[in-house]
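The values are calculated or read from the model by the stated rules, or taken from the named source; none is laboratory data. Quick caveat, the model's predicted, so the values are computed rather than measured. Heads up, the Cβs are rebuilt from the backbone with ideal geometry, glycines too, and the neighbour counts pull from every protein chain shown.
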Amino acid sequence: MKALEKYLIRKRILIGQKLQFKYVGVILVAVLASCTLIILTVYLSCWSSLAEMNASAQTAAAISSILDKVNLMILFELPILLVIACFIGIVVSHKIAGPVYRLQKAARDVSRGDLTTSVNLRRDDELKNLSDAFNSVIENMQRLVVKDKKLIFELSQITNNLYASLRDKKINEEDALALIRKLNDLVGELKTLILQYKIEKG
């Protein structure tokens, strides 16, 4: 249970600050624009209804008093609404910024040659498909590199044996040709593996 809690608890809420602040900014602008539009609609509809009804000065004053109270409520509630929207934006953006941060870190590790890395995301994080695809790429690279290393080790052993045998004159022509054929076979396998990498466009 403790392991699960540790996995679900977020240690840092602000991981990719630039991305998260941009995300929160968009949410705040959307909330402000929506509130402004609603307020303008209410005011315009009230005053246009008054104009159409040819309301008396007393009715207009009563409605104006009501709208003043609404103004006070808006001034009090809007900052609270913006704080709530900001908090929700940061929490939700973390589900994107966290995976992006982990993917960037893993990509830097792979670029330095560390193929033991992988991207592990929480259940509720976004970009799960992307992290799975990235992990699949790393696994494929690991398999190819393991095969390359094995072939290079075998090539190294055969060339060392051939060199030692030729130096000590302990090999006949038939055995030397057999080793050379084995070397050619291994080089062919290595070429086949290398051709799986596409390094040029077109």
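Annotation note: Cβ proximity below 7 Å between a residue of segment 145-172 that is within 17 Å of LYS191 (Cα to Cα) and a residue that is of a type in the set (A, V, I, L, M) and part of a loop (DSSP other than H, G, I, E, B) (sequence gap 6+ or interchain) occurs for VAL145/LEU115. Of GLU154, GLU174, all but one fail to be surrounded by fewer than 11 Cβ atoms within 10 Å (Cβ to Cβ), over 11 Å from the mean Cα position of the chain (by Cα) and modelled with pLDDT under 85; the exception is GLU174. Of the set (1) outside any helix (DSSP H, G or I); (2) of a type outside the set (Lys, Arg); (3) touching a helix residue (DSSP H, G or I) at 6+ places or on another chain (Cβ under 6 Å), all apply to GLU154 but (1).
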